[in-house]
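All remarks here apply to the structure that follows.
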Amino acid sequence: MSAIVLHQAGRRYGGRWALRGLDLRVPEGGAVCVMGPSGCGKTTLLRLVLGLERPDEGRVEAPGRLSAVFQEDRLLEHLTAEGNLRLVTGRRRDTAAAELLAELGLSDEPGKPVSSFSGGMKRRVAIARALLADYDALLLDEPFKGLDADTRERTAGAILRLNAGRALLMVAHDPGEARLLGADIVRLPPPAEGGLKPAG
Amino acid sequence: MAVGHEFLLASPLSVLRALARLLSQPATYLTALRSAGRILLGFLSAFALGVALAALCRRSPLVSALVSPLLSAARAVPVASFAILAILLVSSGWLSTFVCFVIGFPVLFGNTLEGLQRRDRALSEMARVFRAPWGRRLLYVDLPQLLPFLRAGAVTALGLCWKSGVAAEVIGIPRGTIGEALYSVKVNYNTADLFAWTVIIVLLNALTAFLLRRGAALLSGRLARL
């Protein structure tokens, strides 16, 4: 059974199609990585699945409970890492949050606002927030942006462990990131072309 | 020739003496409290309704379209016009409360609406995607962004409320208020007392503005420790 389904989905901004005629399925427990050149509609695809945009044509089906790492971190800069996680979890998962932050190498920063964090640290907070939410499918937009190779592997390990059994749809530029998460690659065509190319 | 004559303009020393005399009288504090209570009630009403209506306007373009011209007009109407009209509607005792509400409301409404409009849309989307409960969204996402606008609007409105509230009291002359004291100063041409009361009004405004800023800073600190 598929957790996420897009059937001939299209989204237009003004007179220009950002995405058109897209068929895509992500099975429960499966992982798909969408790749393609800039402007081909990868982020639009995630926004359609998240329900932040409505398709102008076709159909988009997704579980009611989604979690996401956005292209930008979208953190509450005045709060600590723990505070950012509490927006999603409340205080009921403080122990799990502390453990996950430690696993991602963020345990040395108690009490510091995330505004003082480096780009890579902020990215890991955004990933921790997404993993601690109650959800049925996880969407990741360039999740490993700004992370070094070791941190990527450690973070990917946490994602694979905590997301087990649930659908994962990600967007990336580097096929290595898809491999880290065991995701099947789907390539979107450049903006001017139509149709969807299978992975080569 | 009246230059140098205290009948027209009191010397700084006379003003200081008058201020010391007023501050030594318990009645002065009662008078100040009476005026402050009414003025602050008008300010707080303006704050509550300004914030509530701005939130409503943010959600409903129709309400916004209806309210905006009225508030633009309200900003341009002189305090005296409001006060004289209001005497017909409310007792002179509550005139300053009414005038403070009418003067403070557009400022607080405008600042709150601007704050709501300038919120980071990306953060609102994020909170929506994670299905954060309403209360948590307010405390974690919305209030920290809104607070600088609320603080600026409140400090401006508070200053206007003190000015217009006392002016309304001078027009309505409710018993035992700063306005009544200023009115009697006018009748007696007692400029030393006029300046002394003016200093008291400025001090009251500074004190309430300080408390307001301190409260906002405490709230801001509390929100950063969520």
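The values are calculated or read from the model by the stated rules, or taken from the named source; none is laboratory data. Here the structure is a predicted model, which means the values were calculated and not measured. All Cβ positions, even for glycine, are placed from backbone atoms using ideal geometry, and neighbour counts span all protein chains on display.
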In region A:66-110, anything β-branched (Val, Ile, Thr) and surrounded by fewer than 15 Cβ atoms within 10 Å (Cβ to Cβ) is listed as A:Thr95
Of the residues that sit in region B:116-133 and are of a type outside the set (A, V, I, L, M) and out of contact with any helix residue (DSSP H, G or I) (no Cβ under 9 Å at 6 or more places or on another chain), which one is farthest from A:Leu76 (Cα to Cα)? B:Pro133
Restricting to region B:130-161, count the residues that are over 30 Å from the mean Cα position of the chain (by Cα) and more than 10 Å from chain A (Cβ to nearest Cβ). 0
Given (1) over 19 Å from the mean Cα position of the chain (by Cα); (2) within 12 Å of another protein chain (Cβ to nearest Cβ); (3) closer than 21 Å to A:Asp136 by Cα, A:Leu46 misses just (1)
Top-ranked residue of region A:65-76 - restricted to ones that are in contact (Cβ under 8 Å) with a residue 12 or more places away in the chain and at the interface with chain B (Cβ under 9 Å from one of its Cβ atoms), ranked as nearest to A:Lys122 (Cα to Cα): A:Leu75
For B:Gly165, only one of the following conditions fails: (1) within 21 Å of the chain's Cα centre (by Cα); (2) more than 25 Å from B:Gly37 (Cα to Cα). What is its number? (2)
It is to be established whether one or more residues within region B:141-160 are in contact (Cβ under 8 Å) with a residue 40 or more places away in the chain, among the β-branched types (Val, Ile, Thr) and closer than 19 Å to B:Ser35 by Cα. yes
Hits in region B:95-113 - residues which are within 16 Å of B:Val51 (Cβ to Cβ) and among the polar types (S, T, N, Q): B:Asn111, B:Thr112
Determine, yes or no, whether B:Ala168 is crowded, with 16+ Cβ neighbours inside 10 Å, in contact with a Cys (Cβ under 8 Å, 6 or more places away or on another chain), more than 28 Å from A:Leu50 (Cβ to Cβ) and away from every other protein chain (no Cβ under 14 Å). yes
Only one of A:Leu188, A:Leu196 is surrounded by 21 or more Cβ atoms within 10 Å (Cβ to Cβ), at pLDDT below 95, within 23 Å of A:Thr44 (Cα to Cα) and hydrophobic (A, V, I, L, M, F, W, C); which? A:Leu188
Selection status of B:Ala127, more than 24 Å from the chain's Cα centre (by Cα), outside any helix (DSSP H, G or I) and either surrounded by 20 or more Cβ atoms within 10 Å (Cβ to Cβ) or small (Gly, Ala, Ser) (or both): no
